Structures are given as structure tokens and as C-alpha cells.
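Just so it is clear, none of the values below were taken in a lab; they were calculated from the coordinates. Everything quoted here is computed from the prediction, not taken from an experiment. Reconstructed Cβ throughout: ideal geometry from the backbone, glycine too, with neighbour counts over all protein chains shown.
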Amino acid sequence: MSALLPLLAYAVPACAAEPEPTYTYVTQRGDTLIGISQEYLENPALWNRLQKLNRVREPRRMATARTLKIPVRLLRTTPMPARVVQVQGDATSGGAKIEPGSLVLPGADIKTGDDGFVMLELPDGSQLKVQAQSQVRFDRLHAYPTPTGMYDSSIGLTGGRIDSRAAPQRGPGSRFEIHTPSAAAGVRGTDFRVSVDPQSEATRSEVLEGVVGVSASNATVPVGAGFGTVVEPNRPPSPPRRLSGAPDVSRLPALQERIAFRFALAPVADAAAYRARIAVDREFNNVVADVVSKNPDTGFSGLADGDYWLAVRTIDANGLEGYEARHPFRLKARPEPPFIREPQDRAVSRGSSATFAWTLAEGADRYHFQLARDPGFADVLVDDAAVKGDRRQLGGLRPAGYHWRVASVRSDGDHGPFSSVREFTQRAAPANPELQLADDKTLTVSWTGEPGQVFRFQIARDPDFASLIEETTLNEPRITRPKPGPGSYYVRTQATDPDGFVGPYSSTQRFDIPQPPPPPPERSHPWWLLLLPLLPLAL
């Protein structure tokens, strides 16, 4: 069904045909019926109809203070343009870009893109907010020539959403109607929303204040404040359903410090989806973001630093949107913090010193570095707001757990948000091995370890450990091996902590096994000494 439904007059409810609306005119001195017709009627030649309707005997000599009933359908109307108050993003009329202050004449259309938003003020003072991805046509924007100020406004919505705040309708001829491919909604002063699904052409109306008469398929359903109705094509409006209440936003943060940020709502029972909008003003006349999410956790990005308002409402299984809650917040995400290079989160460092490094952030003149014992930075150990370059070195660190962060600072002193907090652990430097020759046949190497550590032990003939003699894994900081042969040897150890952290190698230790002393030389004896035992026999 592509054509819009015929406009239906407001009715609550329409149980019988309503009398034709008429405007009451009180005659003044010197009035004539022809003069009145020339001033008020679209076709002054129809003055005789007024004469017959009001039983006027002397049309040229009217009595003062007499009341005349004039059918509204006979009154002359004057086209009155709507005025564009606010524009955001992609919004066009007749293919041309809309600007604030532009006038929208009857017959004109407005289309908004993915980020589009237009706020208009109608001739009767009503406000119309055309949301993103919407198509609107202004069929009638007319004023009647009555001193009481009667207006006839008819808006066609073929797709998207409209939020309306209708001014109180004055006089019997005043009408404010929004009609869609499947329904028409008429009001006499109220706050309501109308949306059209571009695929199914179903119309949804949600009433926040007052009463709206929703008409379709020869049926009119009054929808009061706090209720909504759905109209499928070629079907009457559904019975009004109660709208969901506003979500709880009391625990949402008042400050966001990242360019891409999120708001995490508490889940709402029976919510099928959530709509979250951001505007620069509390009245949401300047909407800068509009997101629908199936989860209560909604993300945004691309907004400039500044003060904003968040509006959140739930969407039920029928697609009806409930009351919304609003929450002010500030976005201060620039200058952006640098990226962390080292140490990364939960890193482990050995020794008494550490180097903290980061990237150079665009626009930063210097950096603010902080080191603390706790993640909340209540116990700050180092607070240096004038670090030049991309690193900060610290010495004298005791074995303990630490937390650190860094922020960018512009040359004018504009301080950006801190980076995410990184945690690291400083541990003692690995102990050097100690050598001990237990006896002439064994060699014992021992070192200091911590409970639960596993050790890698290496012994080599060269200080680069390219020529390994032995490499073994130990569960205790001690090893005994047969004493090697003479020569120079090198040993080192490496500890693996119970949490899997592999520490650095200890410093290289050298030991020497000397050559053994040579045996004493054998003494030689003269040959004639061998004859001494035979000397007595010779005598």
C-alpha cells in the first residue's frame, strides 16, 4: 500500500457521525452578509448558503451581536510556511540542502540521511522533529482568517520517525494530523511520536502527553498518555499497549575520556532493544547521534570534546518505544593518551630499575607520568608532569607490585586523559651461581632461588655458550656434577617462576680447573753401586 491514507478527523472515539465543525462569528455594527462572506469565505459567492444556514432575513442589514455559524469547509485558507529551527547532518528539501531559518512551504518534502535531523516550527507553534532516515511531506500548512488563530496542518510520513509537540488547537477548524501509509493520527495539543517501518509500512504511535486519535480501516482508537498502538497495513489500530518506563541512568558516568566510549545500562526486563541518542542540548533539538542496540551496552564515537546529554529508552517486542531517561555527561578525550610500549600489563621486571616507554602522541608537547602502588593511584610514588620524549627511567625499585599510566599535555597546558592503567611486578635480580669443589672428584654449583621456581642450568667452554657441555632443568637451586677436566668453564642459570614468567639469565660466572702437578722425576744410580754386595766375596 504505497499511497497515504485519507486524512481522518480527530475522534475519541467515533461512535456516531460528528456534526460538521463550524466557526462562530459575532456580527458588528455595519456588517452585511456579503461583506462577511468576502472577508471569510473561500468563495464569497456562497453567501447565500450562510443566509440559509443562519436564517438571515436581511443580509444587507445585520443586527449587532448576532452569532453566525460558518462551516469550516467554506472558510478561506492562506498557506503559511513552517520554519526550520535546527538542522543536523544530511537533510534536504526538494533535493537542496536545508539551512536553519529556511521556510518550508505546503507541498514541500524533507528527507534526512543516516545522521540527519531537522526541527521545525509550524505556523500554529507546534514543534516537529524529523529524525534520521525519514521522509516527510507537508500536505497542508494553512491558516484561517479568524482572529482566534485557527490552523490546519497535515504532514505525511512515508518512512522514518517524527517526534511531535502539538500546540493546543484553537477553534473548531484547527487540525494537526500526521498520516502514514497505514494510519492517521490527529491531536488537539499533545506530545507524541509516530514512526513508519519502511519495509512493512506498519505505523507505531506512542503518546507521552495528552490523547491521540489513531485512525485506520474505518476505525479510530483513542490512545492516552503512557500508551502506544501499532497499525498494520489494511488493519485497524491494535488495542493500546502500556509504554515501558524510563530506564535507570543514575549510575552512568558523568565523564567519558575515550574517543570511542560506551554507556552500559542495567538490563531492563521485557526490553527487545534500546534506543540511545546524544544531543548537545537538554531539549534534544540538536541530536548528534542516534543508535539502536539489542544490548543495553551502547557505544559511540566521533564526537568532539564537550558537554552532552544522553537519552535512553527501551523498545518492546511490538516495536513501541517507551519513556526515556536523560543523563548529562562530558566528553574529554583529547589530547589522546599515547600507546603503551613497555612494560605491558602484568609484565615482570627483574632488578632494581625499569624503563617505561610509550609512543609520541599527536599534539602532545610533554607527558604526565605516574607510578603508584595501587590501581586507584591513591598512593602515588612518582608524579612527573613534565616528561619530554617517549620514556621515563626509574631506579631504586624494590621488589613489589606497581601501577603506572601516562597522559598527553599540549603546549598550552591542556591536559588529556590518562592512558589505561598498566600493572607490573618488580622482582629481585637473579642471583649469581656460587661454585664449590666438594672434593677432588666433584663440583657443586648453588645459587639463591625462590619457592616454586624451576631452573635452567648451563655450563659451557665459551662465554657465549655456543659450545655447551651441559644444559639441564632443576627443581632446586643446586647441582653437583663430576669435576671436569682441566680448563676454563662458564656457568649461568635462568629461573622460571610458578606463574610461568621466565626471567633473564644470571650473569656469567667463570671457573678454572688447573692442570695437576707433574710427578717427581725418578733418581738414577751409578752402575758400579750394583757391585757393592759382591765386594766381601772378592776379599
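Remark on the range 340-427: Rg and Dmax equal 12.6, 39 Å (Cα only).
Normalised by residue number, the volume inside the convex hull of the Cα atoms of the range 257-333 is 83 Å³ per residue. Oblate is the label for the range 80-242, because the ratio a/c of its alpha-carbon gyration tensor axes (a ≥ b ≥ c) is 1.5 or higher and a/b is not greater than b/c.
Among the chymotrypsin sites (Phe, Trp or Tyr not before Pro) within the range 316-360, those in coil by DSSP and having at most 13 neighbouring Cβ atoms inside 10 Å are Phe339.
For the chain, what is the number of Lys pairs with C-alpha distance below 19 angstrom, counting only pairs 8 or more positions apart or on separate chains?
Values: Lys52/Lys69; Lys97/Lys111; Lys97/Lys129; Lys111/Lys129; Lys441/Lys483.
The result is 5.
Over the chain, DSSP H runs of length four or greater, each weighted -39,500 (n - 2.57), average out per residue to a 222 nm ellipticity of -1000 deg cm²/dmol. Panel values: the chain, Kirkwood radius from alpha carbon pairs, Stokes-Einstein at 20 °C and 1.002 mPa s, translational diffusion coefficient 67 µm²/s. Between the alpha-carbon centers of the range 85-100 and the range 163-213, tell me the distance in whole angstrom. The two parts, judged by their Cα centres, are 23 Å apart.
Site-free segments of the chain were taken between GluC sites (Glu not before Pro) in DSSP loops having at most 14 other Cβ atoms within 10 Å, sites themselves excluded; the longest one is 43-282. Note: the range 434-513, Cα convex hull, 85 Å³ per residue.
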